Structure formats: C-alpha cells, structure tokens
Amino acid sequence: MAANGSAPPVGQENINTDIITLTRFLTEEQNKVPEATGDFTLLCHSLQFAFKSIAYYIRRASLINLTGLAGSSNTTGDDQKKLDVIGNDIFISAMKGSGKCRILVSEEEEDVILFNENPNARYAVVCDPIDGSSNLDAGVSVGTIFGIFKLPDEVLGPNKTVSEKDLLRPGTEMVASGFTMYGASAQLVITMRDGDVNGFTMENSLGEFILTHPNMKLPHERAIYSVNEGNSSYWEDWTNAYFDSLKHPEEGKKPYSARYIGSMVADAYRTLLYGGIFAYPSDSKSVKGKLRILYECAPMAMLFENAGGLAVNSQMERLLEVVPEHIHDKSGVYLGSKGEVQKVIDMYNKHKK
Ligand code: AHG
Ligand code: MN
Ligand code: MN
C-alpha cells in the first residue's frame, strides 16, 4: 500500500521476500525448545502434506468424479462420501509414512490404527479427515480436524503395546491441535498446548501455507449464533430459553444474527475470526450430542481457549477436561467468545440451580 492508503501502481507492487511459511514457522518453533528432537516437526510436515493432498482432491472433486456416496457407512453410522474414504486413506498413509506416529484414531475407522512398524514413534494422532462431508457436493467449505498427543515413555519400544486406552485422555494432554478448512482457499489453524493460535493460508502457486493470521484472538463478545435450530424441539428448556434470549433481547438491544454452515470447521473458523457462539447441544434425540469428543470437540476447545475464548459441554464442564469413554464418544458443545459462552453458562445455572 502507498502511504495514502491506495495500492501502488501496477508493476511497482512491494514484494515480500521474507514470508513465513508453515515449514519455517515449525522450524522456528522447534529452535525455541533446546531439547526438541525434531520428531514433532516431521510429524507436522506429514500432516501438512495430507492437508495439501486433501485440498487438491476437493478442488478437483466435480471434475474427476469424486462427488457422491462411496456406498458404505462409517463407524458412527454416517453415510461415507467418496472423499471421506479418500481423505481417510491419505491421512493414514501420511501418518504411517511420517515414521513418528504410533497410533491413529480416525472418524472413518471403527478401531484405532497401530503403526507397529514404528515402535519408537512418540505421537498419537486423532483426526476427522473430512468434517462437514454432507456439504461436499454443494461446494461448501469442509475441513480436517486433528489433535496430537505425546505417548508416555513406558509404551515406547518394540516389545510394548499401545492401545485405545492410551488415547482415552482429556484434551488438556494434547500437545497440539488444529484444523484445515478447504474453502475459497485452504486455511490451516494450529496451536500448541498453552501457545498462541496461528492461521496460515495456502498459496497454491507456491504450494505453501503462509502465515497470514498470527496470534488469533477472539473478540470478547459478538452478536452471532451458530446452531442447527431445526433440532430445537428436541432441546432442553434451558437451551431453548438461551437461544430465545438471543433472538428476543431486552428493549433497545438488537437481536443476534444467525449463521450456520453445517460444517463445524467452517462455523468454528468464522467464530474464531468474528466472535460469537457455535453450539451443537445434546438433546433428546442425541442424548450425548452429535460431535465427537476426541477428534472434533477437544481440538476445537484447545484452539478456542488459546485464542481467548471458552469451550464447554452441555453440562457446562470445561470441554478440554472431559475424558472420552471410548474413541468415538460424543458430547454436546458450546464454543466461542468468552462473553458469549458465559451467557450460556449463566442461563444453564439459572435453570438448573
Ligand atoms: P462429519 O461430516 O465429520 O460427520 O461432521 C459433521 C458434523 C459437523 O461438521 C457439523 O457441525 C454437524 O455435523 C452438522 O450436523 P447437522 O447436519 O445435524 O446440523
Ligand atoms: Mn466431523
Ligand atoms: Mn468426518
């Protein structure tokens, strides 16, 4: 931009020769930790390749016959799209090939996947390879959600066994989490435990994720709510009372705007940027909620907390502290700006206490 705010004339654009790619960012983060082995960085490089590959196939889906159903359903009974299957296969190959992943949980696989060929690999990865896949054929944004745990030393080595139990841990124990949203461009958002939240945008010509949203912070409040209101007849009374209070505020205040895409990744990304609240409450139809604790709720909860927001379940417990009973366990979820989630908690307390 020129000093007066207008763009420079064509041919005189300022060229940034010092951009921060995800690869550079990961190297710089690794250099801050003297005892780092580089294993985490290598694991992230493989994740990055998985995201680029999935982004590529989603961009080309309508051209190469990748829309529609695969003709099967996954472990939680959802119909699998062709891209659910491809995304899952890409993810498994990338994690196997990284040499740093010992065990993987995927939404699309009933059981954990063990990489016994990597007995010393220190990381466990949980993922939803394609989140929001019902939106795929309409070209609406979908995404990949992931979380990374570090396994304890006792389970490392060729004679040791790793199992599902090693993953039934609270989200507070993740070392990192994030998502990639495949939208107008691919956006990758990542955070480390107790770290900042950083957003990267895929530059297709360079084939690199570029740091475009450093240190993302949610606004404290914003009058936007995001929920599948079609479920309201199944909601508890306090849930209906809460959403009614947003639509019918006290005199002189404006009602909230509704925004619901139906891909958690896309609704969460907007909420991270603009603020507001995203919810998928548990209800009488889905008593434990719809979204999965390990690879949907917990990774998002870590991102939202590290960006200054809050994330709670339908009992108003901190989502990051919830321990799943099994790898595909589900939960109600409310995440968003601190001030907005606090209003949910206040309404719950008013009705329940
Ligand atoms: P997935 O495609 O991985 O099964 O996840 C879909 C999830 C989530 O992305 C979204 O928030 C929610 O389901 C939408 O559900 P409804 O269609 O019931 O609103
Ligand atoms: Mn999902
Ligand atoms: Mn999915």
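Data table
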| read-out | value |
| --- | --- |
| Efficiency of FRET between Q315 and E250 - r from beta-carbon atoms, R0 45 angstrom, step 0.05 | 0.95 |
| With 5 Å bins from 0: P(r) over segment 22-216, alpha-carbon pairs, percent | 1, 7, 16, 20, 20, 16, 11, 6, 2, 0 |
| Sparse-neighbour loop sites [GluC sites (Glu not before Pro); segment 15-48; at most 11 other C-beta within 10 Å; DSSP] | E35 |
| Mean Cα-pair separation over length for the chain, i.e. relative contact order, pairs under 8 Å, 6 or more apart, % | 14 |
| Segment 224-352 - charge dipole about Cα centre, Lys and Arg +1 at Cβ, Asp and Glu -1, debye rounded to 20 | 220 |
| Ranked S6, S226, criterion: other C-beta atoms within 10 Å, fewest first | S6, S226 |
| Taking all pairs of distinct alpha-carbon atoms in segment 13-100, Kirkwood radius in angstrom | 15.6 |
| Bridge type composition, segment 224-352 - antiparallel percent by DSSP, nearest 5 | 70 |
| Extension reserve of the S163-V140 stretch, reckoned as 0.36 nm per residue once the Cα distance is removed | 4.7 nm |
| FRET efficiency for A184 and L206, using Cβ-Cβ distance with R0 set to 22 Å, rounded to 0.05 | 0.80 |
| Kirkwood-Stokes translational diffusion coefficient of the chain, alpha-carbon pairs, 20 °C, 1.002 mPa s, µm²/s | 101 |
| Order of S163, S177 under a 10 Å beta carbon neighbour criterion, fewest first | S163, S177 |
| Estimated distance in nm for a label pair at D153 and E229, the labels positioned 7 Å out from Cα along Cα-to-Cβ | 5.6 |
| E117-T37 pseudo-label distance in nm [points 7 Å out on the Cα-to-Cβ vector] | 1.9 |
| Loop-resident sites, segment 261-321, for GluC sites (Glu not before Pro), counting at most 16 other Cβ within 10 Å (DSSP) | E317 |
| Backbone N within segment 278-296 under 13 Å of label point (7 Å from R259 Cα along the Cβ vector) | 278-279 |
| Length added when fully stretched, V287-K217, from 0.36 nm per residue minus Cα-Cα | 22.0 nm |
| Residues listed by number, segment 319-353, amide nitrogen under 16 Å from D237 label point at 7 Å toward C-beta | 347-353 |
| Using a Förster distance of 30 Å, the FRET efficiency for E325-D79 (Cβ separation, nearest 0.05) | 0.75 |
| Exposure proxy order (Cβ contacts within 10 Å, fewest to most) of L22, L47, L156 | L156, L22, L47 |
| Too-long pairs where the Cα-Cα distance tops 31 Å, listed order kept, from K160/K217; K165/K352; K330/K352; K100/K285; K82/K160 | K160/K217; K165/K352; K100/K285; K82/K160 |
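FYI, it's all coordinate maths here, none of it is from the lab. Predicted, not measured: the structure shown is a model, and the values here were computed from it. Cβ atoms come from the backbone with ideal geometry, glycine included; neighbour counts cover every protein chain shown.
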